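In what follows, a structure is listed as structure tokens, so that the remarks can point back to it.
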Amino acid sequence: MTNNNNTLKGKRILISGKGGSGKSTITSLMAKTFQKKGYKILVLDGDASNPRGLTGLMFGLEEKNFPRALIDFFGGIGKVTCPVDDPSPLTRINDNIPVPEKKIEISKEIPNEYFIEKDGIILFQAGKIKKYGQGCDGPVEKVVRDFIVKGDYVNLIDAPAGIEHFGRGISKNVNILLLVLDPTLESISIAKRVNEFCDDIGMKNFGIILNKIEKEEIKNQMLEKLGELKDKIIGVIRYDPKIVESALDGTSLVESNAQNDVKMIVEKLEK
Ligand SMILES: Nc1ncnc2c1ncn2[C@@H]1O[C@H](COP(=O)(O)OP(=O)(O)OP(=O)(O)O)[C@@H](O)[C@H]1O
Ligand SMILES: [Mg+2]
């Protein structure tokens, strides 16, 4: 089955939020939902600081079976510059044309070792912190910002935790920004700050997802604290013990009730 809805094809969706709010879980659940709907999906693990990352979460793989870091394709951490020191776009090793201008053709350009392809989902990992003192992860964020591919893929990008990457302009090439909020005041204050960033850069497609919602009362408290921002909510995902179980087992995420909540979010995005 191929999906005929063109609204999201080729679009880049950034999933952002505070540490532990559920970005990676939601990215995985969204990828599976898109897959069931017949989309081609590209998932980019853009979080340098979580070693297990999406490859473990989505496919239950061990680190030795992970794909090679995408930053190596662009020459490694020594070649790619941090977008704050050098805002210029990402380029290939032997080609000065910026990637955002000349989009990457995955099948022609990128060797298999750099991604995992399974059941209609292609997964890349931008880069991981491997060595003590290796330096700023800005270069990895430039890869996340500018890794723009040809084709109909719905691009799901699991952003680094927090809001530092906004300071590095990661949201520049993003079509839809989703912010995941767990029930904490930290998440509420991040939402307010990110909303200001969106106003500043004219980003209209900004949606909030409330995650780990155990009961109506908690949801209502969050709505109250969000004030006007509650209009930006595009979905609410319940607290689901099945997610906790599979996170501890290290198995890939099993069917869960939260999947239904995510399906509703995807259907909203399609409209
Ligand atoms: N809806 C949910 N119900 C229950 N547990 C959840 C839910 N969403 C996420 N979790 C759990 O919360 C923890 C954090 O989730 P996850 O790793 O997806 O967050 P993250 O934002 O990607 O974190 P990090 O900032 O470390 O990358 C995990 O243990 C995950 O299993
Ligand atoms: Mg994560």
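A few points about this structure:
- Residue in the range 1-24 that is more than 16 Å from ligand 1 (Cβ to nearest atom), farther than 24 Å from residue 99 by Cα and of a type in the set (A, V, I, L, M) present: yes
- Remark: residue 186 matches the filter, which requires a residue to be more than 22 Å from residue 53 (Cβ to Cβ), surrounded by 13 or more Cβ atoms within 10 Å (Cβ to Cβ) and within 16 Å of ligand 2 (Cβ to nearest atom).
- For residue 61, the conditions (1) at pLDDT 90 or above; (2) more than 23 Å from residue 162 (Cα to Cα); (3) aliphatic (A, V, I, L, M) are fulfilled apart from (1).
- Residue ID - farthest from ligand 2 (Cβ to nearest atom), chosen from residues in the range 35-48 that are open to solvent by 10 Å² or more (accessible area, probe 1.4 Å) and more than 15 Å from residue 118 (Cβ to Cβ): 38
- Answer from 89, 183 - the residue that is over 19 Å from residue 22 (Cβ atoms) and over 14 Å from the mean Cα position of the chain (by Cα): 89
- Elements of the type helices (runs of 4 or more DSSP H) sitting completely within the range 191-271 and holding at least 1 residues that are away from ligand 1 (no atom under 14 Å from the Cβ) and open to solvent by less than 70 Å² (accessible area, probe 1.4 Å): these cover 216-226, 257-270.
- Only residues that are of a type outside the set (Val, Ile, Thr), open to solvent by 10 Å² or more (accessible area, probe 1.4 Å) and farther than 11 Å from residue 266 by Cα were counted across the range 23-34, and they come to 2.
- Residue count for the range 114-171, restricted to those that are part of a loop (DSSP other than H, G, I, E, B), buried (at least 19 other Cβ atoms within 10 Å of the Cβ) and modelled with pLDDT of 95 or more: 2.
- When 89, 51 are checked against the criterion of being at pLDDT 95 or above and either closer than 16 Å to residue 270 by Cβ or open to solvent by 10 Å² or more (accessible area, probe 1.4 Å) (or both), 89 stands alone in meeting it.
The values are calculated or read from the model by the stated rules, or taken from the named source; none is laboratory data. All values derive from a computational prediction rather than experimental measurement. With ideal geometry, Cβ positions are generated from the backbone for all residues, glycine too; neighbour counts draw on all protein chains shown. Quick note on the areas: whole protein, heavy atoms, side chains included, nothing else; ligands and nucleic acids left out. Shrake-Rupley method; radii C 1.70, N 1.55, O 1.52, S 1.80 Å.
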